[in-house]
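To keep things clear, I will list the structure first and then write my remarks on it.
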Amino acid sequence: MRITFLSLALLLAGLFSPALAQQSPNEFLPYKLGEQFTPHHLLTDYFEQLAQASTPTMRLEKYGKTNEGRPLQLAIFSSRENMARLEQIRLNNLRMAGMADGAPDMSNPVAIVWLSMSVHGNEPSGAECSMELAFRLATQQDPKIQEWLKNTVVVLDPSLNPDGYDRYTHWQRMSSNLMRNTDPESREHREPWPGGRPNHYYFDLNRDWAWATQVETQQRLKVYHRWLPHVHPDVHEQGINDPYYFAPAAEPMHELITPWQREFQTEIGENNARHFDNHNWFYFTKEVFDLFYPSYGDTYPSFNGAIGMTYEQAGGPRAGRAIETANGDTLTLSDRIEHHLTTALSTIEVSSKSAKLLVENFREYYKKTSSQPQGLYKAFVIREVNDPNKVKTLCNLLDQHMIRYGRVGAGLSGVKAFDYTTGKEISASINPNDLVISAYQPHSVMVQALFEPEAKLVDSMTYDITAWSLIFAHGLEAYALKERLEPKKAYESYKPQKDLATATPFAWCIHRKSLAEAKFVMELMQKGVKVRTATEPFLMAEQQYMPGAFTVSKADNRHVANLEQWVNEAAERTNVRLYPVFSGFSAKGKDLGSDAFQLIKQPRVAMVYGDDVDDNSFGHTWHFFETDLRQPISMIELDRLHRINLSQYTTLIFPNGQYNLPENTLQILNKWMEKGGRLIAFEGGVKAFAEKDGFDLKTKEAPKKDSSMMHRPYSVRQRDGLSDGLPGAIVKCAVDNTHPLCYGMPNYYHSLKTMSDAFVMPERADAPIFLEDSYQSYGFIGSRVKPMLKKTPVAVFQRMGEGEAIFIVDNPLFRGFWEQGKVLITNAMLF
């Protein structure tokens, strides 16, 4: 078909004619909103055309891309007058927070409301709702909306998790019937593994705000801190039979949540309730969804001065386009969209009406964070003795949260401090090069939340982990001070010293202290370079090396022409200090040619996946291998293990899950290990092998419950169940760091324990990491669980013929932020 210049001109004119400007979702989409799920590219296209047609009232900003290349974008709305001075409003808000130079102008307060939609991809009604919400905010046809936006800026993120969202919506469009099927047993209501909830790497992005391990979070934090909103609803879905949930939140609320933040949550909740009452819709508040764990989409904004809230609509992955609920009603996608639209507009309404109060309290919040910080501790000191790469990793995270830090600059002695290593108050000496993070700064609350050894828990019936201190997670030696201490010297990012060799080295020695050295080794091994590890201490060229140190020698790599270049380039990329030596003779200990220096086998790693496997734990491991180690990893379907030639893999990983391995699979795994295979299992993966023949892994019996409890009131019995709970606490473990599994670690390890299962100390296997009788703990552990954990292994190493089985009771890669656990899992793979 030929198109003339005239017809093309008419076509273009039609596209940009007033009749087609500012199309509603129903006009733009090939279906009515709510009739079908919208793929992400159409969601993106809708916002692009709306922004193009609404330049006076809307701005669209792309702030990044996902792992799979989908755009991340923000839509910003306000009145024409405010949009014309948007940058001025944004900078003025940062001045109020002390995050931009200059004095703030308080004469014309503008509230900033940020709405985050569908962080869980299989909770899609938020993203679907975002189109209708955007249309109303852009067109401002409703006089009430027009009035609200005179003193309010709305920032809308239509899809925080595009990869998960598309995974779910594509599956729905592929699997659902032509006509809506409300039968809960129908295929469209049974989403397959891993589901659309997580992102590309199967991370729960609603647990990643504080840890910022994922590209979506990292890019979002940059733009979030450019705005620092006053109100932040995080829009979700929950079970199909649950009424709508909105703030105020449940207890426990973190003690750093201010009275004003609590009060205004209630004010927003009451306004939401008024609108829901008018529609005769059910809702609930003050239950289930607490404000304690700092890495949610409600707590993170709260710890940065906002009124952070969760909104939960009935729906989620089971709901499809329509589903029959327990009361015989039908829940439709259109219903879910309407409910979210109602709370979104209600939140903007009350924020506009209280704009002056919001802005004044936001300003007061940040005044106090810099001059009268909350919390017991006023400074956190990271000691100079720590490995500089570990400190650098921590500082990179602090940069993402706009947290300020620096060197102490002058030595101090006799300082009263909490010592994270011993868990006791001591009189400490502070060195000039120690790093200090002062609580006297704009993001003081975030500092307190991330570093305090243990948050005060007013109610143990909580939704998530109860301890998370970055000091323990990163394996650092540090102090917490109750007195103010400010940095006097800038921190310079660590770059290792380069030793300019005057001749070609015989070998290079590398201390084993952090994950950086493992990254260095993995890069070289993938190029075919042979690397050894020391199994005993040795002294060479005035450097004392401990077991676990690496050596790269010319003797092992005589046929590698570019060895010196590759070694130096890998060290540069991984920030590793090289120590060149010019002889294999040791001043003390074994020489480099001794059997005490063992050749590391090039790992070929596989991991099981499937319905029995926890998708998050699988993703934490996948992400670690691909993005931290840059190590290839093969994903093997659990149900096909008996059909696969396992001899092609050196290592097989069982992440957390609920396994029921058949006898033939266990036999196959045993034979593979006997011939040299290495099995690594953690958390629920450990339970798959407990009590099985050949494995020295016995479950420890739980103490018997008091039978008289059954005669107490039901409400008491319900809470008594908490005595058997362990939602997530930190325990200090004893470590045998002469064992290869613990090379490069101190004689202790802080493990994040998220399950109450315990095992008996093995008789025929090693337990190089274990809990002693009087172990330290932080966070909530049920009263019947805590004594049961005494004298139990945290890591077990068992020889199985020529191979081995390694069982790590807790997930060392939990949510990607437990940095010290990464050292442990790397050792399990390499040594």
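The values are calculated or read from the model by the stated rules, or taken from the named source; none is laboratory data. Owing to the predicted nature of the structure, the values given are computational and were not obtained by experimental measurement. Using ideal geometry, Cβ is built from the backbone for each residue, glycine included, and neighbour counts are taken over all protein chains shown. What goes into the accessible areas is simple: the full protein's heavy atoms, side chains included, and nothing from ligands, DNA or RNA. Shrake-Rupley method; radii C 1.70, N 1.55, O 1.52, S 1.80 Å.
Take the Cβ-Cβ distance between GLU61 and GLN141 as r, set R0 to 30 Å, and report the resulting FRET efficiency rounded to the nearest 0.05. Efficiency computed from Cβ-Cβ geometry: 0.80.
The helix-only estimate of mean residue ellipticity at 222 nm for the chain, built from DSSP H runs of length n ≥ 4 each weighted as -39500 (n - 2.57), is -9000 deg cm²/dmol after division by the residue total.
The simple Förster model, with R0 at 30 Å and r as the Cβ-Cβ distance, assigns TYR31 and ASP277 a FRET efficiency of 0.40. Site pair LEU412 and ARG190 shows an inter-label distance of 6.3 nm when each label is modelled 7 Å from Cα along Cα→Cβ. When Rg and the Kirkwood radius Rh are both evaluated on Cα atoms of region 742-831, their ratio Rg/Rh stands at 0.95. The count of lysine pairs in region 310-380 that are at least 8 places apart or cross chains, and whose C-alpha atoms lie under 19 Å apart, stands at 4.
Stokes-Einstein diffusion of region 74-124 at 4 °C, 1.567 mPa s viscosity, Kirkwood radius from Cα pairs, rounded to a whole number: 100 µm²/s. Full extension of the chain segment joining ALA53 with GLN497 gains 154.2 nm, where the gain is 0.36 nm per residue of separation less the Cα-Cα distance. By the Kirkwood approach, averaging reciprocal distances over each pair of separate Cα atoms, the chain gets a hydrodynamic radius of 29.1 Å.
With θ taken as phi - 60° and the Karplus curve 6.51 cos²θ - 1.76 cosθ + 1.60 applied, the whole-hertz 3J(HN,Hα) list for region 616-624 is 5, 5, 4, x, 4, 6, 4, 4, 4 Hz, x standing for glycine and proline. For region 610-692, GluC sites (Glu not before Pro) are listed when DSSP marks them as loop and at most 12 other Cβ atoms sit within 10 Å of their Cβ; the list is GLU691.
Considering only DSSP beta bridges with both partners in the chain, what is the antiparallel share in %, to the nearest 5?
Roughly 65 percent of the beta bridges in the chain run antiparallel, per DSSP.
Taking every protein chain into account, the 1.4 Å probe leaves ARG85 with about 60 Å² of accessible area, to the nearest ten.
Sorting LYS704, LYS489, LYS378 by accessible area puts them as LYS704, LYS489, LYS378; the probe is 1.4 Å, largest comes first, and only protein heavy atoms count.
DSSP assigns beta bridges within region 402-544; of those with both partners inside it, close to 100 percent run antiparallel. With the simple spin-label model, which puts each label point 7 Å out from Cα in the Cβ direction, the ARG85 to LEU42 separation comes to 4.1 nm. For region 97-165, GluC sites (Glu not before Pro) are listed when DSSP marks them as loop and at most 16 other Cβ atoms sit within 10 Å of their Cβ; the list is empty. Cross-link pairs exceeding 32 Å in C-alpha to C-alpha distance, out of LYS65/LYS527; LYS65/LYS822; LYS62/LYS513; LYS498/LYS675; LYS698/LYS822, comprise LYS62/LYS513; LYS498/LYS675.
When you work out D = kT/(6 pi eta Rh) for region 69-168 at 10 °C and 1.306 mPa s, using the Kirkwood radius from C-alpha pairs as Rh and the Stokes-Einstein form, the result is 106 µm²/s. The 3J(HN,Hα) values that the Karplus relation (6.51, -1.76, 1.60; θ = phi - 60°) gives for region 98-112 are, in residue order, x, 10, 8, 5, x, 8, x, 9, 9, 7, 9, x, 10, 6, 10 Hz. Gly and Pro appear as x. Fully extending the segment from ASP595 to GLU324 would add 90.7 nm, taking 0.36 nm per residue of separation and subtracting the current Cα-Cα distance. Going 7 Å from the Cα of GLN372 toward and past its Cβ, which residues in region 238-258 have a backbone nitrogen under 20 Å from where you end up? Only 255-258 fall inside the zone, counting backbone N under 20 Å. Taking Lys and Arg as +1 and Asp and Glu as -1, the other residues whose beta-carbon sits under 15 Å from that of ARG640 total -3. Using 0.36 nm per residue and subtracting the Cα-Cα separation, the extra length available between GLU360 and LYS392 on full extension is 7.9 nm. The label-point distance for LYS222 and LYS488, in a model that sets each label 7 Å from Cα toward Cβ, rounds to 3.6 nm.
Of the residues MET540, ALA473, THR332, the one whose Cα sits farthest toward the positive end of the charge dipole of the chain, with +1 on the Cβ of Lys and Arg and -1 on the Cβ of Asp and Glu, is MET540.
Per-peptide packing, taken as the mean over residues of other Cβ atoms within 10 Å, places 523-529, 585-591 in the sequence 523-529, 585-591 from highest down. Sites listed here are GluC sites (Glu not before Pro) in region 174-279 whose DSSP assignment is loop and whose Cβ has at most 13 other Cβ atoms within 10 Å: GLU185. All other residues whose Cβ lies under 12 angstrom from that of ALA490 are scored, Lys and Arg at +1 and Asp and Glu at -1, for a net of +3. Applying 1/(1 + (r/R0)^6) with R0 = 60 Å to the Cβ-Cβ distance of GLU637 and GLN400 gives a FRET efficiency near 0.95. Computed about its Cα centre, the charge dipole of region 473-560 is approximately 240 debye, with only Lys, Arg, Asp and Glu carrying charge at their Cβ.
Solvent-accessible surface of the chain, taken per residue with a 1.4 Å probe and all protein chains present: 41 Å². How much of the accessible area of the chain, probe 1.4 Å, is carbon plus sulfur, in whole percent? Roughly 49 percent of what the probe reaches on the chain is carbon or sulfur.
The H on the amide N of GLY657, modeled in the peptide plane, is under 5 Å from the matching H of ASP614, GLY684, GLY685, each at least 5 residues off or on a different chain. Magnitude of the charge dipole for the chain, about its Cα centre and with charges confined to Cβ atoms of Lys, Arg (+1) and Asp, Glu (-1), is about 1860 debye.
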